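Please read the structure below before turning to the comments.
Nothing in this text is a laboratory measurement; each read-out follows from the coordinates by a stated rule. This structure is a prediction, so every number in the text was calculated from the model and none was measured. Cβ placement follows ideal geometry from the backbone for every residue including glycine, while neighbour counts extend to all protein chains displayed.
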Amino acid sequence: MRALCWEGANSLAVRQVPDPELRNAHDMIVRVRRSATCGADLPLLAGRSPFLAAGDVLGHEFLGEVTEVGPQVRRHRVGDRVVVCAAVACGSCWYCRQGLYSCCDNGGASTAAAEAAWGQPTGGCYGHPRATGGFAGSHAEYVRVPYADVGAFTVPETVSDDRAVFASDAAPAGWMGAELGEVGPGDVVAVWGAGAVGQLTAQAATLLGADRVIVIDRHPDRLRMAEAHTGAETLNFELTDVPAELRERSGGRGPDVCVEAVGAADGGGRPASLAERFTGRRDGPVEDPLAVREAVHACRKGGTVFVSGTFTGFVDTFPLGAVMNKGLTLRSARQHGQRWIPMLLDRMARDELRTEHLATHRLPLDQGPAGYALFRDRADGCVRAVFTPEG
Amino acid sequence: MVRMGRQALAALRTLVVPRRRSRPDADPRPGRWQVVTVDRPAAEVLPGGRWPEPLRPLDGAVELWLRPAPGGRGTELAARPLGGVATLPGMAAHLVGDDPGLFLRDTLRRVKQLVETGEVLRADRSPMDRPAVPG
Ligand SMILES: NC(=O)c1ccc[n+]([C@@H]2O[C@H](COP(=O)([O-])OP(=O)(O)OC[C@H]3O[C@@H](n4cnc5c(N)ncnc54)[C@H](O)[C@@H]3O)[C@@H](O)[C@H]2O)c1
Ligand SMILES: [Zn+2]
Ligand SMILES: [Zn+2]
């Protein structure tokens, strides 16, 4: 089959690779109909993960049609149209039972690197290196889906592919920021980042009854889109004093909930050199979390800062003093999609949650490298490039 | 067991949070207990008191204990080399390699996966192991 392979820092190519195979009884194979780019791919694309190998297939947000099921798969059959949660989880360990699916004990096949980096291995993810528990990515004609009954969800007939594909990652990540940030009626919510995750966080905050939602970014097209589709106000951080604006718009208190949906890709990281990739050593600055820092400073006393953005390693210049002195709650997670996807698909079916406008560029898989260039450079108003391997 | 290339291992070392005083790869107590919590009652962890498949090659080389985990979290299953690493017999010593802690944790994890999910999750095969089918 054809797949979009990582070849080295900032280099991608569509190549012929072996078809995926059933490896476990709970696996199924999905023929991909939509597969989206994500901010989480940018550090990988730039070569900032020491574990990504040339030939690895990227992509973790996808929707498709079941073509093969393993003997233990009960909920799906060949022909089902499913959206698959980007996080791989078993559904039967203690973490899964608590709803902490992305922390699943059994979701990653190889875990030594994850254990060494994080202290304990976490769940798996498509389109991420095998050494950290990852599985082959979805920018391909076919994908293997482990624990298919747990991670794949049949899409209601009335929900289009272009809408439902966002239920794979960006929509659950957005919902998580608002729900675990404990957004409620009367709250002022600030969201850093107007990518798909930030915009869907803003939509979730509105649905959860926030009084005022403020989205912060520097790309006017993304900010315009957030205003048009999420009911949020926006701030351009290049043109205005964000802390002062937030103070003014929250009665001097500061926002009750601050969600960071930016991550390392945009926050002062730089690509690793070839030598650094091989040795894992970086002489330059570690990730500098500008948006997290601003969120911590802006947040009202006793409020919550939720970090949705992806950080790949260590972060410096973190304002721990403000966290302590203001009594903040700091939370973060990779999305626990299995917990929210059925509800999100319901909302999509009821037209309460619309996402298709985020797919600004629909391209055949063969144009994957060009799609990533648009997405990475935020060119031509690109918010998400969505690939159609069949087209 | 996860096999990683030398480059990946070198990278891994620098990702690891530095531990106090000891090198990250030097456990001062190589014969220490490795423990995993299995989200099931003891009777399901070692059904009929028999060792589950992933542990069988280590029969006679490691000792086990089992106890209920606090807070209704199932069962804690622990293993350590009998008499310390140095005394592991031929095949077991070979299997355990030079990081017995990692090896035992990995084995316990397989037991846990088998009990909790019914199978051991297998990684994708790398394209290098499999020829591409043109088409
Ligand atoms: N937690 C999860 O499960 C999960 C899931 C998906 C994505 N993510 C992460 O969420 C983040 C956002 O994802 P995305 O796909 O929307 O990314 P994206 O790259 O499309 O968008 C990030 C946006 O942040 C903006 N930004 C950069 N610096 C900023 C600053 N200082 N203040 C405000 N905005 C700033 C950028 O201009 C950009 O529009 C990424 O780090 C991604 O890896 C997390
Ligand atoms: Zn994603
Ligand atoms: Zn699990």
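Which length gain, in nm to one decimal place, applies between A:ASN10 and A:ARG331 when the Cα-Cα distance is subtracted from 0.36 nm times their residue separation? Walk me through the intermediate numbers first.
Details: separation 321, 0.36 × 321 = 115.56 nm, distance 3.13 nm.
Computed gain between A:ASN10 and A:ARG331 is 112.4 nm.
Quick one: A:LEU328, A:LEU58, fewest Cβ neighbours within 10 Å first, how do they rank?
Working: A:LEU328 20, A:LEU58 27.
Arranged by neighbour count, lowest to highest, A:LEU328, A:LEU58 become A:LEU328, A:LEU58.
Could you calculate the contour length gain from A:ARG97 to A:GLU356, that is, 0.36 nm times the residue separation minus the distance between their Cα atoms, to one decimal place in nm? Please list the in-between numbers first.
Working: separation 259, 0.36 × 259 = 93.24 nm, distance 3.16 nm.
This chain segment gains 90.1 nm when fully extended.
Considering only the other residues whose Cβ falls under 15 Å of the Cβ of A:TYR95, what net charge follows from Lys and Arg at +1 and Asp and Glu at -1?
Local net charge: +3.
Which value at 222 nm does chain A reach when only helices count, each DSSP H run of 4 or more adding -39,500 (n - 2.57), with the total divided by all residues and rounded to the nearest 500 deg cm²/dmol? Let's see the in-between values first.
Working: 14 runs with 109 residues, N = 391.
Calculated at 222 nm, the ellipticity per residue is -7500 deg cm²/dmol.
Give me the percent relative contact order of chain A, please, defined on Cα pairs under 8 angstrom at least 6 residues apart.
18
Between A:ARG224 and A:THR67, what FRET efficiency follows from the Cβ-Cβ distance if R0 is 45 Å, with the result rounded to 0.05?
0.65
Put a dot 7 Å past each Cα toward the Cβ at A:GLU390 and A:PHE314; how far apart are the dots in nm?
4.8
Just tell me how shielded A:110-119 is by partners: mean number of partner chain Cβ atoms within 10 Å of each residue's Cβ, no decimals.
6
Testing the spin-label approximation: label points 7 Å from Cα along Cα→Cβ at A:ARG77 and B:LEU66. State their distance in nm.
If labels sit at A:ARG77 and B:LEU66, their model points lie 3.9 nm apart.
With a ≥ b ≥ c taken as the square roots of the eigenvalues of the C-alpha gyration tensor of segment A:170-332, please select rounded if a/c is under 1.5 and otherwise prolate if a/b is larger than b/c or oblate if it is not?
On the way: a/c = 1.84, a/b = 1.50, b/c = 1.22.
Prolate, because a/c is 1.5 or more and a/b exceeds b/c.
Give me the dipole magnitude in Debye, nearest 20, for segment A:1-158 about the Cα centre, with unit charges on the beta carbon: positive for Lys and Arg, negative for Asp and Glu.
Result for segment A:1-158 is approximately 120 debye, rounded to the nearest 20.
For an R0 of 56 angstrom, estimate the FRET efficiency from the Cβ-Cβ distance between A:ASP346 and B:LEU82 and round to the nearest 0.05.
Efficiency computed from Cβ-Cβ geometry: 0.50.
Which FRET efficiency value, to the nearest 0.05, do you get for A:HIS297 and A:ASP211 by plugging their Cβ-Cβ distance into 1/(1 + (r/R0)^6) with R0 = 35 Å?
0.95
Within 10 Å of each residue's Cβ, count the other Cβ atoms and sort A:THR37, A:THR201 from fewest upward. All intermediate terms of the calculation are to be shown ahead of the outcome.
Numbers: A:THR37 30, A:THR201 36.
Ordered from fewest to most neighbouring Cβ atoms within 10 Å, A:THR37, A:THR201 come out as A:THR37, A:THR201.
Within 10 Å of each residue's Cβ, count the other Cβ atoms and sort A:ASP366, A:ASP41, B:ASP106 from fewest upward.
Neighbour counts put them in this order, fewest first: A:ASP366, B:ASP106, A:ASP41.
Looking at the square roots a ≥ b ≥ c of the eigenvalues of the Cα gyration tensor of the protein assembly as shown, which shape do they give, rounded for a/c under 1.5, prolate if a/b is larger than b/c, or oblate? Write out the running numbers ahead of the final one.
Working: a/c = 1.63, a/b = 1.39, b/c = 1.17.
Here the protein assembly as shown falls in the prolate category.
How big is the charge dipole of segment A:128-175 about its Cα centre, in debye rounded to the nearest 20, if each Lys and Arg gets +1 on its Cβ and each Asp and Glu gets -1 on its Cβ? Please list the in-between numbers first.
Values: 3 positive and 6 negative charges, 51 e Å.
Rounded to the nearest 20 debye, it is 240 debye.
Just add up the charged neighbours of A:THR240: K/R +1, D/E -1, any other residue whose Cβ is under 13 Å from the Cβ of A:THR240.
That sum, taken over residues with Cβ under 13 Å, equals -4.
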